[in-house]
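> My questions all concern the structure below.
The values are calculated or read from the model by the stated rules, or taken from the named source; none is laboratory data. Bear in mind the structure is a predicted one, so any value in this text is a computation, not a measurement. Every residue, glycine as well, gets a Cβ built from its backbone with ideal geometry; the counts of neighbours run over all protein chains shown. Side chains are part of the model used for accessible areas, which takes the heavy atoms of the whole protein and leaves out ligands, DNA and RNA. Shrake-Rupley method; radii C 1.70, N 1.55, O 1.52, S 1.80 Å.
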Amino acid sequence: MYRYDEFDSDFVAARVAEFRDQVERRLSGELSEDEFKPLRLMNGVYLQLHAYMLRVAIPYGTLNSRQMRMLGHIADKYDKGYGHFTTRQNIQFNWPKLTDIPDILEELATVEMHAIQSSGNCIRNVTADHFAGVARDEIADPRVYAEILRQWSSIHPEFIFLPRKFKIAITGAEHDRAAIQVHDIGLQLKKNEAGEIGFAVHVGGGQGRTPMIAKLVRDFLPEEDLLAYVEAILRVYNLYGRRDNKYKARIKILVHETGIDVLRKDIEAEFERIRDGALNLPKADIEAIDAHFAQPDWADLPDDSSELEVARRDNPAFARWLANNTREHKAPGHAIVTISLKPAGGPPGDATARQMEVIADLAERYSHDELRISHEQNVILPHVEKRNLKAVYDALAAEHLAPANAGLITDIIACPGLDYCALANARSIPIAQRLSERFADPAREEEIGELKIKISGCINACGHHHVGHIGILGVDRKGEEFYQITLGGSADEATSIGEIVGKGFSTDEIVDAVGKVVDAYLVHRHSKDETFLEAYRRLGQEPFKEALYG
Amino acid sequence: MKIITANRLSDGAVVYLAAEGWLTEITHAAVLNAHDAIEAGLAAAARAVANREIVDTAAIDVTVEDKGPVPVRLRERIRAFGPTIAFGETARAALAA
């Protein structure tokens, strides 16, 4: 993975010193809260309901065991012993003291981590397919380009005060695991007829109060033009994006109001002006970054493992975990493991300091020291030899880290909601907990099959409810929590925005309501092979409406 | 009936205006009825902001029950009594049980 060079190290160290000084000036009264707030936000520090919250960037969701151990150490030393992995592939600490944050940032810098640009109206952490570098269907490793974009976007002076925040996602395969069509810019790696690598470029996707699917602005962009083209998009957005109304300030509104054809002309004109300038990416520069993501020295193994087959036959729980939480790896004899942070009744995405330590140990011992955080709030061990899967499973199970539910109905995305977040209108986590308990029976869960529930505690949609197969949005109705159900959302290569199915449900009613939707699916599906989403797209809302309100 | 709340500047903790100053326990919060008393409470909060003790001040509605003031809004009840869910090692221990 990418290692800091001298510039990166000096820059992060200088930024820590600068923020330490800013905190001291705030505490001494030299800076007012109005002056300090934008400075702390630029360093990932929010003030939430109970305390400050620190959001630490995990670039494109990739980290090593040393970094995961540091996150556990920070949880243990400065917080309440846990952290929350987010839909942005980052981690949030919910209880740090402002006076401790400079020390936390200093400790993070020792493992090449920081919180810069994890908030504010700037280009945020670039996200990527969590199976990057190991997926069998991958065209190229998206982390290489995500890293190039990270370097370009870090304190880019022109784009530090954009009309609004800006999120870029990138996938290396045709099957989109990075939700690129609901990002400000979505990049899909592809090859042209000559076999050259480039990108399909999508612009103007997003969730929040106005969900929109990104529009294709370029079908094939050569890789050498990546930075020039992205810079051209940002320039057009910076120039024309609205600054008078924060709810209309994202690029998706500009795309919607201007029209993609008009905007494309502006982007292409700016691109033509700058394309052969300093932002042109020479092959050698791409290769230099690519070298940081060189494949580990995978053992030469047969694809089948006799030890694994014996363990699978003898242990049904392990067999279930294998079926749901492991995926095919590029290298024969290896597997990609999803560590589910979604135990029945647990808060989605949370991991304790001890669990982080255990995960770091497993990465070091069994996964070439690599880990990924998925936007679905799970942790990935990308390179596990099949013969070691049972040992990994046993170690995970001992720490309640082996729910066999990746991609199933209890693998729920949920934002922190009103239990933590100052913006939320309703709680998300307790709903996720109750749903995961309701559907905890493994046989029933497998009978239901692939079904993604996503829950947000407010219209900002951090819990991605718009793209949940079943989406749940918490609202405040005259002081009471209510939950609105949307159906048919999806964040893959066939992205769709979920449709509101009808009036909302109270806290007491919402779990049963989801149960009715699931029952209706089971009754109406053609067969077990027809997923919930496929059935919904075939049937439309009616049978589900009937089940809920009939 | 209202009480005055804020977050402490140094650590973000939720605090309430009490006779003894800014305290973390809502049970000690001064319950204010009269308009003048609420205005005086907000003025005290403004002084504490200027003195760099607190940020994000608000007067919130409460009812008074046996154990003391209880916020009317769920958001403020969660601020006062903490997340409604177990977290960290407590949540992990609950899974083991």
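> Placing one identical point scatterer on every Cα of the protein assembly as shown and ignoring solvent, what is log10 I(q)/I(0) from the Debye formula at q = 0.06, 0.11, 0.12 Å⁻¹?
At q = 0.06, 0.11, 0.12 Å⁻¹ the computed log10 ratios are -0.33, -1.17, -1.39.
> Quick one: of A:80/A:165; A:342/A:528; A:167/A:248; A:190/A:283, which pairs are farther than 20 Å apart, Cα to Cα?
A:80/A:165; A:342/A:528
> Tell me which of A:332, A:236, B:32 sits at the most positive position along the dipole axis of the protein assembly as shown, charges placed on C-beta atoms (Lys, Arg +1; Asp, Glu -1).
Of the options given, the answer is B:32.
> While we're here: State to the nearest 20 debye the size of the charge dipole of chain A about its Cα centre, where the only charges are +1 on K and R beta carbons and -1 on D and E beta carbons.
1700
> Run down the aspartates and glutamates and flag those whose C-alpha is under 14 Å from the C-alpha of residue A:191, throwing out any fewer than 8 positions away in its chain.
Leaving aside aspartates and glutamates fewer than 8 places away in the same chain, those within reach of residue A:191 are A:137, A:138, A:141, A:174, A:219, A:223, A:224.
> Compute the helix-to-body angle for B:35-50: its Cα long axis versus the longest principal axis of chain B, expressed 0 to 90° and rounded to tens.
Between helix and principal axis, roughly 70 degrees.
> How large is the convex hull of the Cα atoms of the stretch A:387-440 per residue, expressed in Å³ as a whole number?
Given the Cα convex hull of the stretch A:387-440, per-residue volume reads 105 Å³.
> Does the stretch B:2-96 come out rounded, prolate or oblate, given a ≥ b ≥ c as the square roots of the eigenvalues of its C-alpha gyration tensor, rounded meaning a/c under 1.5 and, failing that, prolate meaning a/b above b/c?
oblate
> Can you list residues from other chains, or at least 5 along the same chain, whose modelled amide H is less than 5 Å from the amide H of residue A:452?
A:469, A:470
> Another question, if that's okay. Go through A:172-180, A:374-382, B:59-67 and give me the packing order, highest mean Cβ count within 10 Å leading.
A:374-382, A:172-180, B:59-67
> For the stretch A:6-109, just the Cα set please: Rg and Dmax, both in angstrom.
Here Rg and the maximum Cα pair distance are 13.6, 40 Å.
> Can you tell which of A:140, A:348, A:73 lies farthest toward the positive end of the dipole of chain A, using +1 and -1 charges on the Cβ of basic and acidic side chains (Lys, Arg; Asp, Glu)?
Toward the positive end, the furthest listed residue is A:348.
> What do you get for chymotrypsin sites (Phe, Trp or Tyr not before Pro) in the stretch A:69-136 restricted to DSSP loop and a cutoff of at most 16 other Cβ within 10 Å of the site's Cβ?
Sparse-neighbourhood loop chymotrypsin sites (Phe, Trp or Tyr not before Pro): none present.
> Under a cut-off of 21 Å between alpha-carbon atoms, report the lysines in cross-link reach of residue A:545, not counting same-chain residues fewer than 8 places apart.
Result set, ordered by chain and number: A:452, A:454, A:503, A:516.
> Shifting gears a bit: Calculate what fraction, in whole %, of the accessible area of the protein assembly as shown sits on carbon and sulfur atoms when a 1.4 Å probe is rolled over the protein chains.
After summing per-atom areas, the C and S share lands at 49 percent.
> Quick one: what are the phi-derived ³J(HN,Hα) couplings along the stretch A:434-450, Karplus 6.51/-1.76/1.60 with θ = phi - 60°, whole Hz, x for glycine and proline?
5, 5, 5, 6, 4, 9, 6, 4, x, 5, 5, 4, 6, 4, 6, x, 5
> Give me the Å³ per residue figure for the convex hull around the C-alpha atoms of the stretch A:362-520.
Dividing the Cα hull volume of the stretch A:362-520 by its residue count gives 137 Å³.
> While we're looking at this one, here's another question. Based on the Cβ-Cβ distance of residue A:110 and residue A:523, what FRET efficiency does E = 1/(1 + (r/R0)^6) give at R0 = 51 Å, to the nearest 0.05?
Efficiency for this residue pair is about 0.35.
> About the Cα centre of the stretch B:2-96, what is the dipole size in debye to 20, counting +1 per Lys and Arg Cβ and -1 per Asp and Glu Cβ, all else neutral?
260
> So, one more: Find out how many positive minus negative residues lie around residue A:18, taking Lys and Arg as positive, Asp and Glu as negative, among other residues whose Cβ is under 15 Å from that of residue A:18.
Summing Lys and Arg as +1 and Asp and Glu as -1 gives -2.
> Leaving out ligands and nucleic acids, and using a 1.4 Å probe, what accessible area per residue does chain B come to in Å²?
Here the per-residue accessible area is 50 Å².
> Among B:59, A:226, A:9, whose Cα projects farthest towards the positive end of the dipole of the protein assembly as shown, with charges put on the beta-carbon of Lys, Arg (+1) and Asp, Glu (-1)?
About the Cα centre, the residue reaching furthest to the positive side is B:59.
> Here's something else I'd like to know. Can you compute the charge dipole magnitude of the stretch A:205-256 about its Cα centre, using +1 on each Lys and Arg Cβ and -1 on each Asp and Glu Cβ, nothing else charged? Give it in debye, rounded to the nearest 20.
600
> Still on this structure, please answer the following. Cysteines of chain A lacking any other cysteine beta carbon under 4.7 Å?
A:122, A:421, A:458
> Nearest 100 Å², what total accessible surface is buried between chain A and chain B (probe 1.4 Å)?
Accessible area lost upon association: around 2600 Å².
> Right, here's the next one. Can you run phi through the Karplus equation (6.51, -1.76, 1.60; θ = phi - 60°) for the stretch B:14-22 and list ³J(HN,Hα) in whole Hz, with x for Gly and Pro?
6, 10, 10, 6, 10, 4, 8, x, 9
> Given labels modelled 7 Å from the Cα in the Cβ direction, how far is it in nm from residue A:137 to residue A:499?
Computed distance between label sites residue A:137 and residue A:499 equals 2.6 nm.
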